[in-house]
Amino acid sequence: MKIKENKTMRNFHEAKWDEPIIFELSTRGERGILIPRVEKEIEDCVGDGISVIPKEIRRKKPPQLPEISQMRVLKHFLRLSQQCLGADFNIDIGQGTCTMKYNPKINEVLASSPKTREIHPLQEESTVQGALEIMYKLDLFFRDISGMSRFSLQPSSGSCAIFAMTSIIGSYHENHGEAAKRNEIITTIFSHPSDAAAAAVKGYKVITISKNEDGLPDIEKLKNAVSERTAGLLITNPEDTGIFNPEIAEFTKIVHDAGGLCGYDQANANGILGITRAKESGFDMCFFNLHKTFSAPHGCGGPACGALGVTKELIDYLPIPIVEFDGNKFFLNYDLPHTIGKVRGFFGVFPVLLKAYAWIMSLGAEGLKEVANIAVLNNNYILKKVKEIKGATAPYAEGKHRIEQVRYSWEKLTDDTGVTTEDIACRMADFGFHLWSSHHPFIVPQPFTIEPTESYSKKEIDEYLGVLKKVAEEAYEDPEKLKNAPYRSVIHKIDQSSLDDPEKWAISWRLYLKKKKKNPGVFKTKKNR
Amino acid sequence: MKKNKKYVYPYIPNSVPEVKAQMLKEINVESIDDLYEEIPENLRLKKELKLPEALTSEYDLKRHVMGILFKNQTCEEKISFLGGGCWQHYVPAVCDEINQRAEFLTAYAGEPYEDHGRFQALFEYESLMAELLDMDVVNVPTYDWSQAASTSLRMACRITGRNEVLISDTISPDRLLVIKNYCKPVVSMRMIQHCPETGLIDVEDLKRKISEETAAVYFENPSHLGFIESQGQAVSDMAHKNQALNVVGVDPSSLGIIKPPSHYGADIVCGDIQGLGIHMNYGGGMGGFIATQDDEKFVMEYPSRLFGITRTSVEGEYGFGDVAYERTSFGLREKGKEFVGTASALWGITAGVYLALMGPEGMQELGKVIMQKSQYAMTNLSKIKGVRVPRFTSPHFKEFVVDFNNTGMRVEEINKSLLKNNIFGGIDLSRNFPELGQCGLYCVTEIHTKKDIDSLVQALEICLEGRI
């Protein structure tokens, strides 16, 4: 079978509704919804209900919310939704590190059931056996996938899971009488910013290992960094470069030999499902972002879950409660002697857990491995094609294959044309695509990060690459055109400077109105174009 | 089914063998295994995972998962009086319609250009909350109230340069566990006692404990035990006199009728948006907010995303973007403020829709109806012999403590009996508030009808009959 290359460029324009701010829609007296009525008998019994509130604490002036009829509210938010490019619409491979994959619709159906939505976390255990069973079995799946001994599904994001790992590191050393001495956590420059930031919240001094010439964390620097002060290591593998660190087991050994614990940031494990695991690399802990690898949608940035796994030795430190099964019923176990306590209210984001459970059940062991295989195949296909684009390079590890993503560079293009990675990103929006640069600091100059996952067909990948190539060509032909992009998006170039200026920033509509009143010219467009 | 049959997976388009082969050929590689050459042999998983056999058809999957979920009994099927920070309120259909929109559901971190709608919706959420709270700055939501309170306290420590916080001991115990871990070992915590009669903060105890070490005083209003704290101004004044900040956790559904904490001197306000149009989801519907005034010293201490409105290159066009991005851990790693990442944005959009639907009158009426229905419940429960309601003499909002100590029955037994009558009784406080003995925390919202409440009273009467 011969597969035709897709050579057509899409004539795209994003929806532009020019929709007012919600407060501008207000008409005095309109109502969006009415409240359930109070029966007459209740009113006869207790009166107006509010006169019991002490005067000094009773709100006299109602909140200045807008007054809008129901259909207009609906229309407003539907229009806003049309001005947002979800992964269901996009070929969302330009948001590297975020594992933008298909979020199966059936899982949304399951999560929308009253059996999911209308349960309270403090119901008696006998009435939530279904929820507990899903959580228990998901724990079993993750044990198998990671080689760890036990999972907590409580952390509400990758960062929350990282914070839980640093908390466990702290409690572990406290329990061994070394908390005061072990005050350093080591991470790497290509690991997520939260690996460094969460450790600092726990009071740790953060040591960041830089990369070597191959783009991998420098093992010699790690050897120099460890000491009796080392509390732990938080590291990603592969890092954002997509290069698997073959020395990873030595990294964990070096840290263990120094008395530290090793936490594996597996927010994104998509390329290695069923291929390699945290256990074999010597980690004490790891976590999976269920809103990345395990298909739960990203929801504009949550709700989410960072499922946290630990070895047998660390089970007692997990957040409480964990789910157990006594052969007859599922129950919550709060009795973990060294528990760090909690990292979130109640037990975690159940609908996200449910979606991850359903996704794993739909694929099984073979399917999960196929996910990894195709994600890696797609990535290496893209690697070859991007390197053919004028001005784009893939720093480090020349000639080697990458796992699930690659951090590329427009450095040459910028040097040649003055067009930056941000300019390219703006222009990609004109074609209905998103392209992300990378986390700061920009170790790779003018970075961009592509992660195709398993969800996109070759045709779609080719379409995206075709546009990327076209935009790079434009940069060489007409750099000014890119500087002023986007043209076919919802809005035009925003004024970033006012967002960084305390005199001008407006974090709410009321603040915008106040600042505008004080200084009428402040939000007017500069007349220099 | 043949053992070695290879599926083409509906979720994995390039699992088609011909496509796979073509792509491998393009990159000049024999097999996919070759792409893993950098992974050392000793780290490779040699066995198959032991996961259950795949349910490859969507129908089989649905049957299987719903089969498990059917074991849940829901608050729609029963009458529930459970609250304690996760509340059963009515969720308007429009809220679900918007948060299920694929555009919002599947978006993540696009630029302000292609994701203009995401930025505007979250900016509007911030703005609507700002009106409810009567404060100028609200963050893009964090995980939940527990995280919002934890961060508010750490913000207060950075702002004041102090490292001790005083916390009212009627706080939710679940939340306290989160705050404890979030403060440890950098910030120390001391608990302030409450008056055993009224439940209110013991101002004398606060006076004894507050000092020049104190960064913040934290209390919740209404408290976890449901009563309304009326001494907010006195507590704020005392905090401010000691150059400390007043941090207040609040249930936003009360703010149509109860003053927002900014009116009695709160410097940082936090709480949960789950009650604003989001289903309980077994506790997964939580979302935390933090609010302050527009003071640079405060704004620069937020770890969260803050979406602001700005101009664009075209006159009359609104644009949105991140305010002071450089303060975050995205900008500065460990030198940023705490950490930021994925949290609860979709619930924020949903709460914005809710507030837009409710309007000022809706929020006022909601507060009033909850007051009326919960008072009706208290009045009628207190008629049951041996039952004391409410345990505390202060006025209550939505939740209240039912004292069963004189009934001779434990809350656990009572709740078992109620369950037989299809009622989820209130939260058993005996474990976390042992000083209260056998007490239950009951929650009544706008969704409860007179009949629901009467059923509870009747079931309790029968359950307790002959016990006293």
Note to self: Checking the conditions here, which among A:Glu503, A:Glu454, A:Glu473, A:Glu480 is outside any helix (DSSP H, G or I) and surrounded by fewer than 16 Cβ atoms within 10 Å (Cβ to Cβ)?
What the structure shows: A:Glu503
Checklist line | When residues of segment B:127-176 are limited to those that are in contact with a Gly (Cβ under 9 Å, 6 or more places away or on another chain), hydrophobic (A, V, I, L, M, F, W, C) and in a loop (DSSP other than H, G, I, E, B), the one farthest from B:Ser430 (Cα to Cα) | finding: B:Val140
Next item on the list: Would you be able to tell me the number of residues in segment B:1-60 that are among the aromatic types (Phe, Trp, Tyr) and part of a loop (DSSP other than H, G, I, E, B)?
Entry: 3
Item checked: Residue list for segment A:24-48, filter: assigned to a helix (DSSP H, G or I) and either in contact with a strand residue (DSSP E or B) (Cβ under 7 Å, 6 or more places away or on another chain) or crowded, with 20+ Cβ neighbours inside 10 Å (or both) -> A:Ile42, A:Val46
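Per-residue answers, yes or no, for (1) facing chain A (nearest Cβ under 9 Å); (2) touching a Lys or Arg at 6+ places or on another chain (Cβ under 9 Å):
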position: B:His224; (1), (2): no, yes
position: B:Glu229; (1), (2): yes, no
position: B:Ser236; (1), (2): no, no
position: B:Gln243; (1), (2): no, yes
position: B:Val247; (1), (2): no, no
position: B:Val269; (1), (2): no, no
position: B:Met286; (1), (2): yes, yes
position: B:Thr292; (1), (2): no, no
position: B:Phe298; (1), (2): no, no
Check: Name the residues in segment B:411-439 that are closer than 21 Å to B:Ser374 by Cα, facing chain A (nearest Cβ under 10 Å) and in a loop (DSSP other than H, G, I, E, B), would you?
Finding: B:Gly425, B:Gly426
Notebook entry, point to check: Listed residues A:Ala231, A:Ala249, A:Ala180, A:Ala197; which is touching a His at 6+ places or on another chain (Cβ under 7 Å) and at negative phi?
Noted result: A:Ala231
Next item on the list: Report those strands (runs of 3 or more DSSP E) wholly inside segment A:170-265 carrying at least 3 residues which are closer than 20 Å to A:Phe287 by Cβ and touching a residue at least 24 places away in the same chain (Cβ under 8 Å).
Entry: A:184-188, A:230-236
Item checked: segment A:210-233, subset over 21 Å from A:Phe442 (Cβ atoms) and under 27 Å from the mean Cα position of the chain (by Cα), residue surrounded by the most Cβ atoms within 10 Å (Cβ to Cβ) -> A:Leu233
Checklist line | Candidates A:Ala161, A:Ala196, A:Ala200, filtered to the one that is facing chain B (nearest Cβ under 9 Å) and buried (at least 24 other Cβ atoms within 10 Å of the Cβ) | finding: A:Ala196
Check: Does B:Glu53 satisfy being within 7 Å of chain A (Cβ to nearest Cβ), buried (at least 21 other Cβ atoms within 10 Å of the Cβ), acidic (Asp, Glu) and without any contact (Cβ under 8 Å) to a residue 24 or more places away in the chain?
Finding: no
Notebook entry, point to check: Within segment A:207-217, is there a residue that is basic (Lys, Arg) and out of contact with any Asp or Glu (no Cβ under 6 Å at 6 or more places or on another chain)?
Noted result: yes
Next item on the list: Hey, could you check segment B:323-357 for residues that are within 21 Å of the chain's Cα centre (by Cα) and aromatic (Phe, Trp, Tyr) and say which is nearest to A:Gln64 (Cα to Cα)?
Entry: B:Tyr354
Item checked: Every residue from segment B:185-237 that is in a helix (DSSP H, G or I) and either touching a residue at least 40 places away in the same chain (Cβ under 8 Å) or surrounded by 20 or more Cβ atoms within 10 Å (Cβ to Cβ) (or both) -> B:Leu206, B:Lys209, B:Gly232, B:Val235, B:Ser236
Margin query: With out of contact with any strand residue (DSSP E or B) (no Cβ under 7 Å at 6 or more places or on another chain), surrounded by fewer than 23 Cβ atoms within 10 Å (Cβ to Cβ) and within 7 Å of chain B (Cβ to nearest Cβ) as the only criterion, which of A:Gly391, A:Gly341 stands out?
Written below: A:Gly341
Notebook entry, point to check: Within segment A:70-85, how many residues are more than 7 Å from every other protein chain (Cβ to nearest Cβ) and crowded, with 20+ Cβ neighbours inside 10 Å?
Noted result: 1
Next item on the list: Determine whether segment A:485-494 contains at least one residue that is under 17 Å from B:Val299 (Cβ atoms) and surrounded by 13 or more Cβ atoms within 10 Å (Cβ to Cβ).
Entry: no
Next item on the list: Only residues that are at pLDDT below 95 and crowded, with 24+ Cβ neighbours inside 10 Å: list them for segment B:306-337, please.
Entry: B:Thr328, B:Ser329, B:Arg333
Note to self: Looking at segment B:388-400, I want the residues that are under 13 Å from B:Gln372 (Cβ atoms) and at pLDDT 95 or above and have a partner that is assigned to a loop (DSSP other than H, G, I, E, B) and not hydroxyl-bearing (Ser, Thr, Tyr) with Cβ atoms under 6 Å, at least 6 apart or on another chain. Which pairs are those?
What the structure shows: B:Pro395/A:Val52; B:Pro395/A:Ile53; B:Pro395/B:Ile228; B:His396/B:Gly226; B:His396/B:Pro390; B:Phe397/B:Pro222; B:Phe397/B:Ile228
Item checked: Top-ranked residue in segment A:88-103 [being within 7 Å of chain B (Cβ to nearest Cβ) and touching a Lys or Arg at 6+ places or on another chain (Cβ under 8 Å); ranked as modelled with the highest pLDDT] -> A:Asn103
Notebook entry, point to check: Mind checking which residues of segment B:132-180 are under 12 Å from B:Phe289 (Cα atoms) and not aliphatic (A, V, I, L, M)?
Noted result: B:Asn139, B:Pro141, B:Thr142, B:Tyr143, B:Asp144, B:Trp145, B:Ser146, B:Gln147, B:Ser150, B:Thr151, B:Ser152
Item checked: Any chance A:Ile382 is within 11 Å of another protein chain (Cβ to nearest Cβ), in contact (Cβ under 8 Å) with a residue 12 or more places away in the chain and in a helix (DSSP H, G or I) -> yes
Check: Looking only at segment A:17-67, which residues are within 7 Å of chain B (Cβ to nearest Cβ), within 18 Å of B:Met358 (Cα to Cα) and of a type in the set (Asp, Glu)?
Finding: A:Glu67
Next item on the list: Might you let me know whether segment B:116-125 holds any residue that is more than 20 Å from the chain's Cα centre (by Cα), more than 7 Å from every other protein chain (Cβ to nearest Cβ) and on the phi < 0 side of the Ramachandran plot?
Entry: yes
Checklist line | Selected residue [under 24 Å from B:Gln193 (Cα atoms) and either in contact with a helix residue (DSSP H, G or I) (Cβ under 6 Å, 6 or more places away or on another chain) or in contact (Cβ under 8 Å) with a residue 24 or more places away in the chain (or both)] from B:Ser262, B:Ser253 | finding: B:Ser262
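The values are calculated or read from the model by the stated rules, or taken from the named source; none is laboratory data. Since this is a predicted model, take the numbers as computed values, not measurements. Methodologically, a virtual Cβ is constructed for each residue, glycine included, from the backbone with ideal geometry; neighbour enumeration extends over all protein chains shown.
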